[in-house]
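The next block holds one structure in the form of structure tokens; read it before the comments.
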Amino acid sequence: MIEHPRADELIEAVAGWVESIRPQLNPRDAFLSRVAVNALNAVKRELIQGPAAEAAAVARLSALLGVEGDLKALNAELCERLRRGEMDVATPGLIPALKAGIEDQIAIDQPTYVSVKVR
């Protein structure tokens, strides 16, 4: 049976190769290769962490809004309720739900970002 490498393994291999040739590149290309490696690593984190982050967001928003749906529909419903003034910062659970979603996204996009306490 042929087993293909997973997408995250392929991304890791390409990022590793780009890193291995970076010292030989001129300064501009070395910088661009670092940008490329960062982008590849973000895609890898999205593949690995994204499904769980999305499932958690769906669960949070479903509980907050009292409706079921996919992430796109739930986000649209949340935005509509905010626009209509049906929800605001005083809505119980809103700020913690938004903060958790932001933290999950930052863990994927910028994992070295240092979290600060939000009141």
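The values are calculated or read from the model by the stated rules, or taken from the named source; none is laboratory data. In this text the structure is predicted, and so the values were computed from the model without any measurement. Backbone-built Cβ (ideal geometry, glycine too); neighbour counts: all protein chains shown. Heads up: the accessible areas ignore ligands, DNA and RNA and are worked out on the full protein's heavy atoms, side chains in. Shrake-Rupley method; radii C 1.70, N 1.55, O 1.52, S 1.80 Å.
Relative contact order (percent) for the chain, with alpha-carbon contacts under 8 angstrom and 6 or more residues of separation? Intermediate values should be presented prior to the final figure.
On the way: 69 pairs, mean separation 26.6, N = 119.
Taking the mean separation of contacting Cα pairs over the length of the chain, I get 22 percent.
Can you pull the percent of segment 1-66's accessible area that's carbon plus sulfur, 1.4 Å probe, other chains left in place? Working shown, then result.
On the way: 2890 of 4540 Å².
Whole-percent figure for carbon plus sulfur exposure: 64.
Picking from Gly16, Asn26, Val37, whose Cα lies most toward the positive end of the charge dipole for segment 4-119 (charges on Cβ: Lys, Arg +1; Asp, Glu -1)?
Checked the options; the winner is Asn26.
If I stretch the segment between Ile48 and Ser20 completely, what's the gain in nm (0.36 nm per residue apart, minus their alpha carbon distance), one decimal? Walk me through the numbers on the way to the answer.
Numbers: separation 28, 0.36 × 28 = 10.08 nm, distance 2.36 nm.
Extra length from Ile48 to Ser20 when fully extended: 7.7 nm.
Full-extension gain between Ala90 and Asn41, please, as 0.36 nm times their residue separation minus the C-alpha to C-alpha distance.
Details: separation 49, 0.36 × 49 = 17.64 nm, distance 3.74 nm.
Length difference between fully extended and current span is 13.9 nm.
Of the labelled options (i) 153; (ii) 78; (iii) 101, which one gives volume of the Cα convex hull per residue in Å³ as computed for this structure?
(i)
In square angstrom, what is the accessible area per residue of the chain with a 1.4 angstrom probe? The partial results should precede the final answer.
On the way: 8590 Å² over 119 residues.
On a per-residue basis, the chain sits at 72 Å².
Pull out the extension gain between Leu98 and Ala7, defined as 0.36 nm times the separation in residues minus the alpha carbon to alpha carbon distance; nm, one decimal. Don't skip to the answer; put the middle values down first.
Working: separation 91, 0.36 × 91 = 32.76 nm, distance 2.96 nm.
Difference between extended and current length: 29.8 nm.
To the nearest 10 degrees, how steeply does helix 27-65 sit against the main Cα axis of the chain, on a 0 to 90 scale?
Between the helix axis and the principal axis of the chain, the angle is about 30 degrees.
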